Amino acid sequence: MNRKTIGVIAAEANNIEQRQILSGIIEEAKKHNINVAVLSNIYNPVKPDPAIRKENNIFDGILSEDFAGLILISESIINPELQQKIQENLQQKKNIPIVVIGAFIDSFSTYQFVNTNDEKDIELLTDHLIDEHHFSNIHILTGLHYLEASHLRVNGYRKSLEKHHLSFSEDNVFYGDFWMNSGIDLANQYISGSITLPQAIVCANDYMAYGILDTFLENGVRVPEDVTVVGYEYIPERFIHFPILTTYQRNRKALGEKAIRCLLQNIGISATQTETDLTGSLIHGNSCSCGIQLEQYSKELKKNRISKKYYQYNLASQMEHRLTECKNIQEFLTVCQKFLYLIRNVSEVFLCLSENWYDSNIAPSNTVICYSLADCQQKMIIEQFHFSALFSLSKEPCTYYILTLFYASRSFGYIVLKYCDTDCYDSIFRNWIKTVSNGLEFLRIKNDIQYLTQCQNLSQYRDSLTGLWNKNGMKKEIIHFFQTYPDKSSYYIAVQICLFHDNYSLHNIQDKITAQQEIAQAILQFCTNQKLCAKIKDDFFLCMIPCNQNTDFYIRRMYAICLQHFSYLSSYGVDSLICYAMKAIPNMTLDAVIEQCQNELHILQDGISQHKKYPYYAEMQNIRNNIYLHPEQEHTIEKIATLHSFSSGHFRSLYKKCFDISFHQDCIQSRIFRAIYLLCTTDLGISHISEKCGYNDEKYFIRQFTKVTGLTPNQYRTII
């Protein structure tokens, strides 16, 4: 049967907020005999983290042809880089309907939005404090000032006050960041007396309320005797805070139901036409004088006991140890099968590995081998995101969770969890998938070690990891060069990877190996014809080239080629490598050359280290990395400054201070670097290169390229 599948895009789908929405989506989909496939990650940092960036490859699954429609839980996508990645993929899905759930986000403004009414919910919550408790002096702690959701919740609070003929004052509105530290900060201000304690505090989410409760408890402020505290969103962690929080639950399940009904109508499937009631409900606790409802609290405790049981299962299991003992993939699958009981309510698990997952030297294959852990002998070979091949195995509508299997900068493939029960997937599974990913990396390294052991003595002149000359090989080749060309002018070009030093960090030995291999590939592209190149140390590479240009020319070319290796750049960033060039002197020893280059590189590295101490350097560097990853896009100061809450002038000043180049000039440089790379490594025509670098006008591209390099693109291409 050709059953339709709805794709759901979420970040950290194990969180209770996403799971409540998904419960509504899943139940409504089952009524219409439709599968639900959830694409998610397990890490969801606000700021990009190179160590886990590969995990978000799963969102390339959006491009799969197997989805009849897509639902995006936008409020879970908090990382701007991930928002951009998802938006770029969604833009290619113009043939299917897309519905967005949650607070309005500009990045997804072209799609149909559905959301609960935060404003109405907070109004009803404030009504409770006024009508039931007769409070008139009420404060509100909301989220970040630039978020629409923060102001909607303040509006609900204002409406309730005005409806009850109570005055609204901005002095009683406090802005936080939707996390516990905001509640802690506000509580300390009450305790110090800098703000007078009101009768009640409305918190725009539970985490901020928990921060207040914990701080009041530690400092002897009694809740609710001295002040009533209420929350919003309903995060079921109430039992680890005192007193038990009174909160208001958004009707996320109904929100999920409404979203899928909208989608079904758009794809021509009849769905219930009645208006969905998205009104939330009050969850009683002891932080107001109403008192807790035992039936509700009993359900929370039961869920916690189940989670604790599975947590203990995972803690006590020998899965990690057993996986490290495996010698091949078949043994690995057998161990994974043995420990399936650690995943709550799962019906089936498919381990979908790239055909060449074990090879660290080439990109993952688009062909995927899917192993069924229910039957380790059963496997299926499919195209990378051809999910329907797996979905078609089931006779009934099911829910599938699809997540990346990765380790640091390497993607192995993905894992597919199949559920028949609505109550599916939770945070406990994170332990299992991390153990499997670590085990795959351990198995892969075993394979690499065996190979390297066999070939480590292959040559005394070559570096076995990169294939470049080693120091001995470089000495021999330089002597030969000067004997052959005694009067030929030449330069040394040195490249250093800063990541191996104290002020930088790589997460494991494999990251170190990957960084060396990426830069070695770039240097091989740079060093053609008579040019020589070597890996002198793990972090230090040296080239010698016959020269007819100045040092700046070759330094710029080296940077341009290295920074077009996107895997390296996206993982480690623009500031992770430095270059230096010097004139080659025939009677100067290689050791003296290396010493001089390293001294100069050390000065450059110290300069970067000093810049890294500037405020907002990390944020500016993330912006810069994105510019060099996507030079073809239009990067405007106004858009970026607004996104990161800077004024345009302040942003310009910070950027120039951090990198000694203006934002505008850096955007131009990123485009010219890509052009240099394409001119040096491809046969593409100038118009095609102009387009790939983000220029709509070929003549303007030529003028700007010539201004920066001193040569036209065609002249540049002829220089070896």
Where residues in region 645-695 are part of a helix (DSSP H, G or I) and either on the phi > 0 side of the Ramachandran plot or of a type in the set (Ser, Thr, Tyr) (or both), which of them is modelled with the lowest pLDDT? Thr681
Here is a list of conditions, (1) at pLDDT 90 or above; (2) in contact with a Phe, Trp or Tyr (Cβ under 8 Å, 6 or more places away or on another chain), and Cys336 meets all of them except one; can you say which number that is? (2)
Subset tally (residues that are among the polar types (S, T, N, Q), surrounded by 15 or more Cβ atoms within 10 Å (Cβ to Cβ) and part of a helix (DSSP H, G or I)) for region 421-446: 3
Any chance you could count how many residues in region 16-41 are out of contact with any Gly (no Cβ under 9 Å at 6 or more places or on another chain) and surrounded by fewer than 18 Cβ atoms within 10 Å (Cβ to Cβ)? 5
Taking region 126-139 on its own, how many of its residues are in contact with a Ser or Thr (Cβ under 8 Å, 6 or more places away or on another chain) and surrounded by 21 or more Cβ atoms within 10 Å (Cβ to Cβ)? 3
Filter region 308-323 down to the residues that are in a helix (DSSP H, G or I) and open to solvent by less than 50 Å² (accessible area, probe 1.4 Å), then identify the one that is nearest to Asn345 (Cα to Cα). Tyr310
So, of the residues in region 665-687 that are over 16 Å from Tyr700 (Cβ atoms) and of a type in the set (A, V, I, L, M), which turns out to be most open to solvent (accessible area, probe 1.4 Å)? Leu684
I'd like to check something: does region 278-288 contain any residue that is open to solvent by less than 30 Å² (accessible area, probe 1.4 Å), at pLDDT 90 or above, on the phi > 0 side of the Ramachandran plot and among the small types (Gly, Ala, Ser)? no
For Phe168, are the conditions met, namely being closer than 23 Å to Ile73 by Cβ, part of a loop (DSSP other than H, G, I, E, B) and of a type in the set (Phe, Trp, Tyr)? no
Collect the residues in region 44-102 that are of a type in the set (A, V, I, L, M, F, W, C), open to solvent by 50 Å² or more (accessible area, probe 1.4 Å) and under 23 Å from Glu17 (Cα atoms), keeping them in residue-number order. Val46, Ile78
Tell me which residues, restricted to region 585-599, are at pLDDT below 90 and either within 35 Å of the chain's Cα centre (by Cα) or of a type in the set (A, V, I, L, M, F, W, C) (or both). Ile585
Going by the conditions given, is Asp697 farther than 20 Å from Arg556 by Cα, without any contact (Cβ under 8 Å) to a residue 60 or more places away in the chain and acidic (Asp, Glu)? yes
Which of the residues belonging to region 352-368 are in a strand (DSSP E or B), in contact (Cβ under 8 Å) with a residue 24 or more places away in the chain and more than 12 Å from Ile402 (Cβ to Cβ)? Leu353, Ser354
What are the residues in region 173-192 that are more than 20 Å from His151 (Cα to Cα) and β-branched (Val, Ile, Thr), if any? Ile184, Ile191
Read through the list (1) closer than 28 Å to Ala520 by Cβ; (2) open to solvent by less than 20 Å² (accessible area, probe 1.4 Å); (3) free of Cβ contacts under 8 Å to residues at least 40 places away in the same chain, then give the number of the only condition that His630 fails. (2)
Whether any residue in region 397-420 is in contact (Cβ under 8 Å) with a residue 60 or more places away in the chain and open to solvent by 70 Å² or more (accessible area, probe 1.4 Å) is what I want to check. no
Pairs, please: C-beta under 9 Å, at least 6 apart or cross-chain, first residue under 23 Å from Gln521 (Cβ atoms) and among the aromatic types (Phe, Trp, Tyr) and in region 542-553, second open to solvent by less than 30 Å² (accessible area, probe 1.4 Å) and assigned to a strand (DSSP E or B)? Phe553/Ala581
With (1) within 24 Å of Leu124 (Cβ to Cβ); (2) open to solvent by 70 Å² or more (accessible area, probe 1.4 Å); (3) of a type in the set (Asp, Glu) as the list, and Asp206 as the residue in question, which single condition is left unmet? (2)
Within region 464-491, considering residues that are polar (S, T, N, Q) and surrounded by 18 or more Cβ atoms within 10 Å (Cβ to Cβ), the one modelled with the lowest pLDDT: Thr466
Tell me which residues, restricted to region 369-411, are part of a strand (DSSP E or B), over 25 Å from the mean Cα position of the chain (by Cα) and of a type in the set (S, T, N, Q). Ser372
Hey, can you tell me all the residues within region 463-495 that are polar (S, T, N, Q) and assigned to a helix (DSSP H, G or I)? Asn472, Gln483, Thr484
Filter region 159-174 down to residues that are open to solvent by 80 Å² or more (accessible area, probe 1.4 Å) and out of contact with any helix residue (DSSP H, G or I) (no Cβ under 8 Å at 6 or more places or on another chain) and give me whichever is nearest to Leu124 (Cα to Cα). Glu162
Odd one out for Ile269 among (1) in contact with a helix residue (DSSP H, G or I) (Cβ under 6 Å, 6 or more places away or on another chain); (2) in a loop (DSSP other than H, G, I, E, B); (3) among the β-branched types (Val, Ile, Thr): (1)
Scanning region 533-582 for residues that are small (Gly, Ala, Ser) and farther than 22 Å from Ile623 by Cα gives Ala534, Ala581
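Okay, residues lined up against (1) open to solvent by 40 Å² or more (accessible area, probe 1.4 Å); (2) more than 28 Å from Asp171 (Cβ to Cβ):
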residue	(1), (2)
Tyr190	no, no
Ser194	yes, no
Leu197	yes, no
Tyr210	no, no
Phe216	no, no
Gly220	yes, no
Thr228	no, no
Ala254	no, yes
Take the residues of region 625-661 that are within 27 Å of the chain's Cα centre (by Cα) and of a type in the set (Ser, Thr, Tyr): which is nearest to Cys693 (Cα to Cα)? Tyr628
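The values are calculated or read from the model by the stated rules, or taken from the named source; none is laboratory data. Predicted model only: the values in this text are computed from it and were never measured. Positions of Cβ are backbone-derived with ideal geometry, glycine not excepted, and every protein chain shown enters the neighbour counts. Areas reflect the complete protein model, heavy atoms only, side chains present, ligands, DNA and RNA absent. Shrake-Rupley method; radii C 1.70, N 1.55, O 1.52, S 1.80 Å.
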